[in-house]
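See below for the structure under consideration.
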Amino acid sequence: MAVASKFSRRFFNNPFPLFSFHFSSSTASSLPPPIRVALTDSVGRAVFATRSIAAADLIHTASPAVCHPSSARPACYACLASLPHSQPLRSPFCSQHCHQRSKGYYDVEMNANWVAFDDYCGTRGLKYPFLVKRLVCMVISGDARSDTLDILQPANFTPEMVSEMEEEFVLLKSAFTKALIGDEHIAFLTKQWYINVLARIRINAFRIELAGGPYEDLLSLAVASVEAEAAVGNAVYVLPSFYNHDCDPNAHIIWIDNAHAKLKALRDIDEGEELRICYIDASLDRDARRELLFRGFGFQCNCHRCLHGD
Ligand SMILES: [Zn+2]
Ligand SMILES: [Zn+2]
């Protein structure tokens, strides 16, 4: 997420552009998305509309930089599409396409023994170390750069939090070392790197819940309810992470079939208006929202709704 210490409703006329989109083709389908990311004085990075956008319009789509399925529900290793409960664990892919495109990092992961790491994180309910593990596999296979997430805003960790990560880091690193992956391939995997990546994942990861009917039948719906876990996994994106938060947002991020995200307008948006999404459940009351945002994302929400006691 972008730095979000203070929110106001004012529009920014001359924010410094950080990114612009250049496409050579003039066909409608390849037009650049109607947004720009800019640096503001008050809220850090923010996303602005470069033209008016109508309610319910698709603003842009986004593929995850890194994603990982949850352990509670069977989901595709590569894209997090729901898999039938009956699909054998030996084939954790929704399609040949997903198998092919993730083969490199899947093979790296399958070459190592994850029992100790998975057990450590699983019993403590830790989700984000699995995203780091996935990213390490992608870096080793050449599918991602080790600095992929550096552009994102990091969380502030206390020394106590950092020391709690020691064990999971040691287990992660030793899984790769024992798999006889050469030092030259994992030279980047230092404790400092691990902490830096986790700090970015901590406040930028999205919990993926599919809108396109995640349950193929009533039985799996019942099972999922008992497990109280509707998410198919977690994912980190670059562009969607630049959207600031608002408890009464003008945009939202949705997932239909898999982790490929869609950013959509919730209402008519003017050219130059900042686009914001809600990081949390907007139906919570003001105190609950502010508490969650402060604990989870480290900022006091001063959006219009919060300031007016709604
Ligand atoms: Zn898939
Ligand atoms: Zn708010």
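Values in this text are rule-based calculations from the coordinates and carry no lab data. What you are looking at is a predicted structure, and each value in this text was computed from that prediction instead of being measured. Every residue, glycine among them, receives a Cβ derived from its backbone with ideal geometry; neighbour counts consider all protein chains shown.
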Taking 0.36 nm per intervening residue step and subtracting the Cα-Cα distance, what contour gain separates D268 from H97 on full extension? 57.9 nm
R295 paired with D310, simple spin-label distance in nm, labels 7 Å along Cα-to-beta-carbon: 2.5 nm
Between H252 and W114, 0.36 nm times their residue separation minus their Cα-Cα distance comes to what? 46.1 nm
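In what sequence, highest mean first, do 197-210, 55-68, 291-304 appear when ranked by Cβ atoms within 10 angstrom? Please report the intermediate quantities before stating the final value.
Numbers: 197-210: 21.5, 55-68: 18.5, 291-304: 16.3.
Top of the packing list down: 197-210, 55-68, 291-304.
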Based on the Cβ-Cβ distance of K191 and H260, what FRET efficiency does E = 1/(1 + (r/R0)^6) give at R0 = 41 Å, to the nearest 0.05? 0.80
Can you pull the Rg over Rh of the range 265-310, Cα-only, Kirkwood? 1.00
Please tell me the relative contact order of the range 96-147 in percent, rounded to the nearest whole number, where contacts are Cα pairs under 8 Å and at least six residues apart. 46 percent
What's the magnitude of the charge dipole for the range 77-186 around its Cα centre, counting Lys and Arg as +1 and Asp and Glu as -1 at the beta-carbon? Answer in Debye, nearest 20. 540 debye
Rounded to the nearest whole number, the Stokes-Einstein translational diffusion coefficient of the range 63-174 at 37 °C and 0.692 mPa s (Kirkwood radius, C-alpha pairs) in µm²/s is 215 µm²/s
